[in-house]
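These notes are about the structure you will find just below.
The values are calculated or read from the model by the stated rules, or taken from the named source; none is laboratory data. Since we're looking at a predicted model, the values are computed, not measured. For neighbour counting, all protein chains shown are included, and Cβ atoms are generated from backbone atoms with ideal geometry for every residue, glycine included. Accessible surface is based on the protein model in full, side chains and every heavy atom, while ligands, DNA and RNA are left aside. Shrake-Rupley method; radii C 1.70, N 1.55, O 1.52, S 1.80 Å.
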Amino acid sequence: QVQLVESGGGLVQAGGSLRLSCAASGRYFSNYAMGWFRQAPGKEREFVAAITRSGGSTFYADSVKGRFTISRDNAKNMALLQMNSLKPEDTAVYYCAADRDISRRSSSYDYWGQGTQVTVSS
């Protein structure tokens with residue numbers, strides 16, 4: 001089992017950057033693929049990015065490709081999401097999630113953090 005805590009959200013102007021962190025506790029963090037999802041008010045939770053257990057492969061939603069970068073540090077039990085060139089439509093609560101297998105589907109992930117708010121002003 002793994003517990004996840006996100007941090008790093010906040011208010012930023014369009015074009016700015018934020019880096020989200022996801023700290024994991026529990027054993028064997030490197031046994032889990034990690035995903036980032038987001039949910040805007042009135043919308044369904046959507047896939048943002050995911051990274052394999054080793055960090056060797058990454059996947060992105062088309063809407064963030066080229067602007068966001070997912071990474072992980074298995075020695076520190078951390079997953080990161082670097083967000084650049086932020087747009088107002090990136091405004092949402094961002095969640096990190098963990099599961100044995102990588103997926104773009106939120107239903108595939110067993111473990112979730114509490115979320116961190118990202119607000120991008122125009």
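Along the charge dipole of the stretch 4-55, Cβ charges K/R +1 and D/E -1, which of Gln39, Gly15, Ala49 sits furthest on the positive end?
In the stretch 4-55, that residue is Ala49.
When only C-alpha pairs under 8 Å and at least 6 residues apart count, what is the relative contact order of the chain, in percent?
After rounding, I find 36 percent.
Taking Rh as the Kirkwood radius computed over C-alpha pairs, what is the Stokes-Einstein D of the chain at 25 °C in a medium of viscosity 0.890 mPa s, expressed in µm² per second?
175
Magnitude of the Cβ-charge dipole of the chain, K/R +1 and D/E -1, about the Cα centre, nearest 20 debye?
Approximately 180 debye in magnitude.
With the Cα gyration tensor of the stretch 22-72 in hand, convert its eigenvalues to equivalent ellipsoid semi-axes via √(5λ) and list them largest first in whole Å.
For the stretch 22-72, the ellipsoid semi-axes come out as 22, 15, 8 Å.
Which three numbers, in whole Å and largest first, are the semi-axes of the equivalent ellipsoid of the stretch 53-100 derived from its Cα gyration tensor as √(5λ)?
Square roots of five times the eigenvalues give 21, 12, 10 Å.
If amide hydrogens are placed 1.01 Å from N in the peptide plane, which non-local residues have theirs closer than 5 Å to the one on Arg72?
Leu80
Just reorder Tyr95, Tyr28, Tyr109 by solvent-accessible area, largest first, 1.4 Å probe, all chains present.
Putting Tyr95, Tyr28, Tyr109 in descending order of accessible area: Tyr28, Tyr95, Tyr109.
For Lys43, what accessible surface area do you get with a 1.4 Å probe? Give it in Å², rounded to 10.
140
Under a straight-distance cross-link criterion of Cα-Cα below 18 Å, which lysines are reachable from Lys43, leaving out those fewer than 8 residues away in the same chain?
Straight-distance partners of Lys43: Lys87.
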